[in-house]
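Heads up, the thing below is written out as structure tokens.
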Amino acid sequence: MRIRIYQARVMDTNFDKDAGIIDRAINSFPGNFEHVATLKLADGTNEEEALITAFLTTNNIDSSWVGNAEVTWSRGERRSTSVGDLVEIDGQFHICLPTSWRKIDIPLVVIGQ
């Protein structure tokens, strides 16, 4: 399973409404986002576990996340994954919200597929 992490270049700091966070992400992808990392997890990893792993392995907890074995750092700022950032799991996008993850649809024409 391949997971791509896209971090917003301009972070969303308006955490009051999930719908607003989602709309801003959809309307600003790909321009406001940078592919910062790829994770490779075992085939058969369930979606919830993959999202938890993606979040934990791209956060600066005890040290910089770029040193985590599961992560291939692409480029960009080395900040922790946060609200408004995107995780792509096998072509399906998920957005990080203040208390959860939510699947979102990014039009294929936008992502060039």
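Every read-out reported here was derived from the displayed coordinates using simple, explicitly stated rules and does not represent laboratory data. Bear in mind the structure is a predicted one, so any value in this text is a computation, not a measurement. For neighbour counting, all protein chains shown are included, and Cβ atoms are generated from backbone atoms with ideal geometry for every residue, glycine included.
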Reported set for segment 80-108 where residues are among the polar types (S, T, N, Q) and surrounded by fewer than 16 Cβ atoms within 10 Å (Cβ to Cβ) is Ser80, Gln92, Thr99, Ser100
Restricting to segment 1-57, name every residue that is assigned to a loop (DSSP other than H, G, I, E, B), over 14 Å from Ile95 (Cβ atoms), of a type in the set (Asp, Glu) and in contact (Cβ under 8 Å) with a residue 40 or more places away in the chain. Asp43
In contact with a strand residue (DSSP E or B) (Cβ under 9 Å, 6 or more places away or on another chain), without any contact (Cβ under 8 Å) to a residue 60 or more places away in the chain and among the aliphatic types (A, V, I, L, M): does that describe Val83? no
Look through segment 22-48, keep the residues that are of a type in the set (Gly, Ala, Ser) and loosely packed, with under 12 Cβ neighbours inside 10 Å, and return whichever of them is farthest from Ile3 (Cα to Cα). Gly31
Could you say whether any residue in segment 49-59 is over 13 Å from Met1 (Cα atoms), of a type in the set (S, T, N, Q) and out of contact with any helix residue (DSSP H, G or I) (no Cβ under 9 Å at 6 or more places or on another chain)? no
Inside segment 31-85, can you point out the residues that are under 17 Å from Pro98 (Cβ atoms) and among the small types (Gly, Ala, Ser)? Ala54, Ser80, Ser82, Gly84
